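One structure, pasted below without further comment.
The values are calculated or read from the model by the stated rules, or taken from the named source; none is laboratory data. All of these numbers come straight from a predicted model, not from anything done at the bench. All Cβ positions, glycine included, derive from the backbone under ideal geometry; neighbour counts span all protein chains shown. Surface areas here come from the heavy atoms of the whole protein model, side chains and all, with no ligands, DNA or RNA. Shrake-Rupley method; radii C 1.70, N 1.55, O 1.52, S 1.80 Å.
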Amino acid sequence: MNSAVDLWQRYQDWLYYHSELGIYLDISRVRFTPDFVTQIQPKFVKAFADMKALESGAIANPDEQRMVGHYWLRSPEIAPTEELRKDITETLDRIEEFTQKVHAGTIHPPTASKFTDILSIGIGGSALGPQFVAQALAKADVPLKISFIDNSDPDGIDLVLDLLGDRLSTTLVLVISKSGGTPEAANGMKEAEFAFQKAGLDFAKQAIAITGVGSALEKYAIGNGWLDTFPMYDWIGGRTSELSAVGLVPAALQGINIREMLRGANLMDAATRVENLRQNPAALLAMSWYFASNGKGEKDMVILPYKDRLLLFSRYLQQLVMESLGKEKDLDGNLVYQGIAVYGNKGSTDQHAYVQQLREGVPNFFATFIEVLQDSAKPHPEVEEGVVTGDYLLGFLQGTRSALYENGRDSITVTIPIVSELTIGALIALYERAVSFYASLVNINAYHQPGVEAGKKAGAKVLALQKKMMSALKSSTISLSLGEIADKIGAPDEIESLYHIARHLHANCKLLLEGDLAQPSTLRIMLLE
Ligand SMILES: O=P(O)(O)OC[C@H]1O[C@H](O)[C@H](O)[C@@H](O)[C@@H]1O
């Protein structure tokens, strides 16, 4: 198996090529055996059946009793009802119409003839796809430049708003939240509203919402006369929403050809509908993941795109893969603790950072190289005789791939001809389907995220404690210890939480901590007037 001739044969035997997309998938450097392939085949019979059921509108997310329809976005004709088909096509037409009006200046800010910027506010699936696509398809000359508020971090928000500066008056704000109730998105919106007010600008005349039909955000946007709203459907999960209004509105506004993105996804969807393991690139990916991680997430997925534009792909895939596959229980209720950890950055940068560990350290991963065949749209000078920078990049990729393999580290290589709307749409679709297949192989629900809710609830509890602590301090004429506050508000078990809250409020000049900072039990706390 390890002779160069054998490997070359294995490469050719397993090479997948999509001729219309020009995309290759090479899984030859994953060391599965013919026996493994034979054993896993029956699992794919189920995976293909699950795929068919999902695409025809079955309740594929049983916990939430929801259909899962991101595939319909790029092939509305396969959506299960006429109403859905109409919704999808009408929304797409409306996005294009709105974009044309913004670009032409028919829709413009109150004090200028055209919008210059987009400020996209949202988190998770309502940010990661738009961020990935904005960077992958960025150009120097775009109709509108995009910036993002994707956290409840006041300093991060300050920087975004400071960088916009006076251009806030020509900024179109997109508030993106499927649920319309995610605190980070809501806070970002409130901060932006406040900044507009401070600058004497009318927020409603410069804002649109992309949100679930009937959500609080939709009501708020309509009630306040925002420019427009675009729908997000309950049959689309946040992490698979890039090709819904969530991703298409910001992309179209940046001058990205959204029909081409959809076409790329559509072509890949068709290719991944083929019920034959060897001829289906998503099935080959899922099989490789299953082999590499022993179907139990025993190895991490390291994503190494050798292209600056694809830097955010690993972050995008982190949510798609980890939120979909990271599950405590399988569909039968057994404790399984599933998932595959995803991380990555870009080549060749990583070779000067963590590839040392990948090559020689703990062998707890499999790599995925993303190769882009075209170096650049422009010709580049030779950096040495007959060699341009792009040749180096290929050399680095090939070198790392071989070095890893020689040392027993498996890798997959996805090769695309060029970073374009078509190939980005196709890559998104490829990974969406691979995740779907993998979920079938390991029998989990890829479309819910119960663990996220637990974190949200715990966060809300901390804020409630803060309010209680502040009112306890207000009603006290003397300083109080942490223990006294905990007793006063009837929360003796929350003393450590109270300490963290007090320390944060102290650092932000909302209250005063006195005592030995190294010994929390000595601290006395009072309000600052
Ligand atoms: O779009 P939103 O409703 O604001 O949700 C944003 C994010 O919230 C949660 O954390 C979910 O786990 C993510 O899947 C989702 O993308």
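I'd like to know if region 222-237 contains one or more residues that are among the hydroxyl-bearing types (Ser, Thr, Tyr), more than 20 Å from Thr106 (Cβ to Cβ) and open to solvent by 20 Å² or more (accessible area, probe 1.4 Å).
yes
Now a separate question. Pull up region 204-220, narrow it to residues that are away from the ligand (no atom under 12 Å from the Cβ) and either within 15 Å of Ile107 (Cβ to Cβ) or part of a strand (DSSP E or B) (or both), then point me to the one that is nearest to the chain's Cα centre (by Cα).
Ile208
Name the single residue that is farthest from the chain's Cα centre (by Cα) among those in region 1-18 being of a type in the set (Ser, Thr, Tyr) and open to solvent by less than 90 Å² (accessible area, probe 1.4 Å).
Ser3
Just to be sure, is Val30 part of a helix (DSSP H, G or I) and away from the ligand (no atom under 16 Å from the Cβ)?
So Val30 fails the test.
A further question follows. Find the residue count for region 103-150, including only residues that are away from the ligand (no atom under 12 Å from the Cβ), open to solvent by less than 30 Å² (accessible area, probe 1.4 Å), among the aliphatic types (A, V, I, L, M) and in a strand (DSSP E or B).
Of the residues in that region, 3 qualify.
Does region 249-270 contain any residue that is within 16 Å of the ligand (Cβ to nearest atom) and either at pLDDT 95 or above or aliphatic (A, V, I, L, M) (or both)?
yes
Something else about it: Out of (1) in a helix (DSSP H, G or I); (2) open to solvent by less than 20 Å² (accessible area, probe 1.4 Å), the odd one out for Thr413 is which?
(1) is the only condition that Thr413 fails.
Could I ask something else about it? Suppose the filter is within 24 Å of the chain's Cα centre (by Cα), open to solvent by less than 40 Å² (accessible area, probe 1.4 Å), more than 16 Å from the ligand (Cβ to nearest atom) and among the hydroxyl-bearing types (Ser, Thr, Tyr); does Ser348 pass it?
yes
Scan region 277-305 residue by residue and report those that are hydroxyl-bearing (Ser, Thr, Tyr) and either closer than 19 Å to Tyr17 by Cβ or open to solvent by 20 Å² or more (accessible area, probe 1.4 Å) (or both).
Those that are hydroxyl-bearing (Ser, Thr, Tyr) and either closer than 19 Å to Tyr17 by Cβ or open to solvent by 20 Å² or more (accessible area, probe 1.4 Å) (or both): Ser288, Tyr290.
Could you grab me the full set of residues in region 262-284 that are over 13 Å from Ala426 (Cβ atoms) and either in a loop (DSSP other than H, G, I, E, B) or not basic (Lys, Arg) (or both)?
Arg273, Val274, Glu275, Asn276, Leu277, Gln279, Asn280, Ala283, Leu284
Would you kindly identify the helices (runs of 4 or more DSSP H) lying entirely within region 431-529 that contain at least 3 residues that are out of contact with any helix residue (DSSP H, G or I) (no Cβ under 9 Å at 6 or more places or on another chain), within 30 Å of Gly181 (Cα to Cα) and open to solvent by 50 Å² or more (accessible area, probe 1.4 Å)?
By residue number, 450-474.
Would you mind telling me which numbered condition in (1) open to solvent by 50 Å² or more (accessible area, probe 1.4 Å); (2) over 17 Å from Asp13 (Cβ atoms); (3) without any contact (Cβ under 8 Å) to a residue 60 or more places away in the chain Gly57 fails?
(1)
Something else now. Among what's in region 60-83 and is open to solvent by 20 Å² or more (accessible area, probe 1.4 Å) and modelled with pLDDT of 95 or more, pick the residue that is nearest to His448 (Cα to Cα).
Met67
Looking for something open to solvent by less than 20 Å² (accessible area, probe 1.4 Å), part of a helix (DSSP H, G or I), at pLDDT 95 or above and within 16 Å of the ligand (Cβ to nearest atom) - is there at least one such residue anywhere in region 84-91?
No, that holds for no residue.
Also: For the subset of region 92-106 comprising residues that are more than 30 Å from the chain's Cα centre (by Cα) and not polar (S, T, N, Q), which member is farthest from Lys205 (Cα to Cα)?
Ala104
Does region 192-201 include one or more residues that are in a loop (DSSP other than H, G, I, E, B), under 21 Å from Phe98 (Cα atoms) and either within 19 Å of the chain's Cα centre (by Cα) or in contact (Cβ under 8 Å) with a residue 12 or more places away in the chain (or both)?
No, because not a single residue in region 192-201 is in a loop (DSSP other than H, G, I, E, B), under 21 Å from Phe98 (Cα atoms) and either within 19 Å of the chain's Cα centre (by Cα) or in contact (Cβ under 8 Å) with a residue 12 or more places away in the chain (or both).
Further, regarding this structure: Enumerate the pairs (first residue in region 452-463 and within 13 Å of the ligand (Cβ to nearest atom); second residue anywhere and open to solvent by 60 Å² or more (accessible area, probe 1.4 Å)) with beta-carbon separation below 8 Å, excluding pairs fewer than 6 apart on the same chain, so at least 6 apart or on different chains.
Pairs found: Lys456/Pro183; Gly459/Pro183.
Among the residues that make up region 181-189, is at least one of them hydroxyl-bearing (Ser, Thr, Tyr), closer than 23 Å to Tyr233 by Cα and open to solvent by 40 Å² or more (accessible area, probe 1.4 Å)?
No, region 181-189 contains no residue that is hydroxyl-bearing (Ser, Thr, Tyr), closer than 23 Å to Tyr233 by Cα and open to solvent by 40 Å² or more (accessible area, probe 1.4 Å).
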